[in-house]
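Working notes, structure below.
The values are calculated or read from the model by the stated rules, or taken from the named source; none is laboratory data. Only a predicted model underlies this, so the values are computations on that prediction, with no experimental measurement involved. Here Cβ is always computed from backbone atoms with ideal geometry, including for glycine, and neighbour counts include all displayed protein chains. Accessible surface areas use protein heavy atoms only, side chains included; no ligands, DNA or RNA. Shrake-Rupley method; radii C 1.70, N 1.55, O 1.52, S 1.80 Å.
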Amino acid sequence: MNGALGHRAKKSLSQHFLIDPNLQKKIVEGIEPEASDRVLEIGPGTGALTSHLIGRVGHLTLIEKDDELATRLREQHADRDDVDVVHGDALELSIAELAGCESYKVIGNIPYAITTPLVFHILAARPRPQVIVLMVQKEVADRMAAAPGNKDYGALTVGVQLVARVERLFKVSRQVFRPRPDVDSVVIRLTPLTPPPLNPDEEEAVRDLTRAAFSRRRKQLQKVLRQAPEYGLSNEEAGELLGSLGIEPAKRPDALAVGDYIRLATALRERN
């Protein structure tokens, strides 16, 4: 099925074109665009969001992987000094270098197949964006915004909430895309915490811990720390460490808040 401008969606790139102009405008409003903003749009496709951004922000950088669409976008905006088109894979490009400034915003209707790695790639940028608005698969949004004890709470939750505030803005039905995807979507807004509460090494230590924990999510934390080879604690050592932090050793990984993971990761680093 064809998208806007007669472009045929490519399954290999997970392309789905948003055809509802009211929703396009609503997504753009999520970044609260201002005339002084520098904005990076990831996956502009046929320009659904782009058309509502041009003229409202100071500078717009479009990052498009599709050869044909990147060429069309360049031709379409060749006469504008406030629009740059970058032909490439956002996962392989430096977000901060493309922004070229300390304060910038990111927006995009991104392929579901790369949502998680792309979110972490954006959050790894230094400096981080001022705000990030993305349309993602509903299940991924549920996981990002989950609270401890929820079935959706996991390593993705902690990894994102560790560095950013997560807001679910609104749901988007699969009916407003061409071709229609198999799932509904949610527009989320991530607002990175400033100043960053942890340095990059500390963030990575927390992510290492959550990966180890949630790969054993049905086990008690004391057993997780004993079984995870990266920590190699005895049963007694694990119990003592958790107890010193006021964490019940019998709790499971999905019961710990983000702050608990920070404290536990810090304590584990101090042991080494």
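Below is a table of values for the structure above.
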| item | result |
| --- | --- |
| Options Thr191, Thr210; residue that is in contact (Cβ under 8 Å) with a residue 60 or more places away in the chain and either farther than 27 Å from Ile107 by Cα or open to solvent by less than 60 Å² (accessible area, probe 1.4 Å) (or both) | Thr191 |
| Search result, residues across the stretch 64-112 that are under 17 Å from the mean Cα position of the chain (by Cα) and open to solvent by 70 Å² or more (accessible area, probe 1.4 Å) | Glu92 |
| Matching residues, the stretch 230-251, being surrounded by 15 or more Cβ atoms within 10 Å (Cβ to Cβ) and not charged (D, E, K, R) | Tyr231, Leu233, Ala238, Gly239, Leu241, Leu242, Ile247, Pro249 |
| Neighbours by Cβ (under 8 Å, 6+ apart or cross-chain): first from the stretch 76-99, in contact (Cβ under 8 Å) with a residue 40 or more places away in the chain; second open to solvent by 40 Å² or more (accessible area, probe 1.4 Å) | Ala90/Lys65; Ala90/His121; Ile95/His121; Ala99/Arg38 |
| Tally of residues being open to solvent by 40 Å² or more (accessible area, probe 1.4 Å) and either under 21 Å from Leu53 (Cβ atoms) or in contact (Cβ under 8 Å) with a residue 24 or more places away in the chain (or both) across the stretch 128-144 | 4 |
| Counted residues, the stretch 93-149 - those being assigned to a loop (DSSP other than H, G, I, E, B) and either over 22 Å from Pro200 (Cβ atoms) or among the small types (Gly, Ala, Ser) (or both) | 11 |
| Residues that are open to solvent by less than 10 Å² (accessible area, probe 1.4 Å) and of a type in the set (Asp, Glu), drawn from the stretch 31-63 | Glu41 |
| Scan of the stretch 55-77 for residues that are farther than 15 Å from Ala90 by Cβ, in a loop (DSSP other than H, G, I, E, B) and either in contact with a helix residue (DSSP H, G or I) (Cβ under 9 Å, 6 or more places away or on another chain) or modelled with pLDDT under 95 (or both), ordered by number | Gly55, Arg56, His77 |
| Unique residue being over 19 Å from Leu156 (Cβ atoms) and either surrounded by fewer than 12 Cβ atoms within 10 Å (Cβ to Cβ) or basic (Lys, Arg) (or both) when the list is Arg218, Arg263 | Arg263 |
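Yes/no per residue for (1) among the charged types (D, E, K, R); (2) touching a His at 6+ places or on another chain (Cβ under 6 Å); (3) under 23 Å from Val163 (Cβ atoms):
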| position | (1), (2), (3) |
| --- | --- |
| Glu203 | yes, no, yes |
| Val206 | no, no, yes |
| Glu230 | yes, no, yes |
| Leu233 | no, no, no |
| Ser244 | no, no, no |
| Pro249 | no, no, no |
| Val258 | no, no, yes |
| Ile262 | no, no, yes |
| Arg269 | yes, no, yes |
